[in-house]
1. Which of the following residues is crowded, with 18+ Cβ neighbours inside 10 Å, modelled with pLDDT of 90 or more and outside any strand (DSSP E or B): 196, 190, 221, 214?
2. Tell me, which residue of the stretch 141-169 that is more than 17 Å from residue 179 (Cα to Cα) and without any contact (Cβ under 8 Å) to a residue 60 or more places away in the chain is surrounded by the most Cβ atoms within 10 Å (Cβ to Cβ)?
3. Please go through the stretch 187-217 and give me each residue that is without any contact (Cβ under 8 Å) to a residue 60 or more places away in the chain and over 25 Å from residue 139 (Cβ atoms), ordered by number.
4. Could you run through the stretch 63-91 and say how many residues are at negative phi and within 14 Å of the chain's Cα centre (by Cα)?
5. Test residue 105 against the stated conditions and say whether it is touching a residue at least 12 places away in the same chain (Cβ under 8 Å) and either in contact with a strand residue (DSSP E or B) (Cβ under 6 Å, 6 or more places away or on another chain) or not in a helix (DSSP H, G or I) (or both).
6. With 60, 55 as the choices, which residue is touching a helix residue (DSSP H, G or I) at 6+ places or on another chain (Cβ under 8 Å), in a helix (DSSP H, G or I) and either under 22 Å from residue 220 (Cα atoms) or without any contact (Cβ under 8 Å) to a residue 12 or more places away in the chain (or both)?
7. Here is a list of conditions, (1) out of contact with any strand residue (DSSP E or B) (no Cβ under 8 Å at 6 or more places or on another chain); (2) not in a loop (DSSP other than H, G, I, E, B), and residue 139 meets all of them except one; can you say which number that is?
């Protein structure tokens, strides 16, 4: 059966993703040895891994890859956070006051934006908790599926897959490094950001390690490591030289 990502078929997908998140958080605080007696060195090692993972998650939550994004995505990220925060502020202000409602609204909006418009399972892979629902077959199915979806989007100028998949070195823990170059124009920028937010939200719910960014110009590809730029798998190419 084809692996489809366009719609959410039922609430079990949401519950499953929430369960993965809860289990991961519990695992960070689980200090009980799995077997045998652990010495001081083992305990120190566990604490160091815990602190490293917590630091990585905290920095990812705070920055949310904004420094890596091109200008259009940066502005969209900022405006969506402000918009969501305003909604929370209106809901909380009568109960907890102006200042507390503002702080609470910003924290909740920032966290919601991090989850729905971020790369949660890419982060989990970096802290040693890759998604168990991702494997080689889902990577290949997603590649075919996303090609069809991108070809239907008139604002896409170029789209390519980079990294281990492009080098034919992917494994069950690989993420899907996708870069999409958009056409110019305000409407194209807004529609493309909404489209990427949908892709990231679907990836969160499906437990899929999607690493996707929107590019305003070709210069955004220079942010990839040199080994990641080798032989990209081109999904869509409508003459990106027009935008250089």
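The values are calculated or read from the model by the stated rules, or taken from the named source; none is laboratory data. The structure displayed is predicted, hence computed values, not measured ones. Every residue, glycine among them, receives a Cβ derived from its backbone with ideal geometry; neighbour counts consider all protein chains shown.
1. 196
2. Applying the filter and picking the extreme gives 169.
3. 187, 188, 191
4. Start the filter on the stretch 63-91 by keeping residues that are at negative phi, which leaves 63, 66-91.
Right, trim to within 14 Å of the chain's Cα centre (by Cα) and you get 63, 66, 68-69, 73, 77.
Result for the stretch 63-91: 6.
5. Numbers: touching a residue at least 12 places away in the same chain (Cβ under 8 Å): yes; either in contact with a strand residue (DSSP E or B) (Cβ under 6 Å, 6 or more places away or on another chain) or not in a helix (DSSP H, G or I) (or both): no.
It is false that residue 105 is touching a residue at least 12 places away in the same chain (Cβ under 8 Å) and either in contact with a strand residue (DSSP E or B) (Cβ under 6 Å, 6 or more places away or on another chain) or not in a helix (DSSP H, G or I) (or both).
6. Going through 60, 55 in turn, the sole match is 60.
7. (1)
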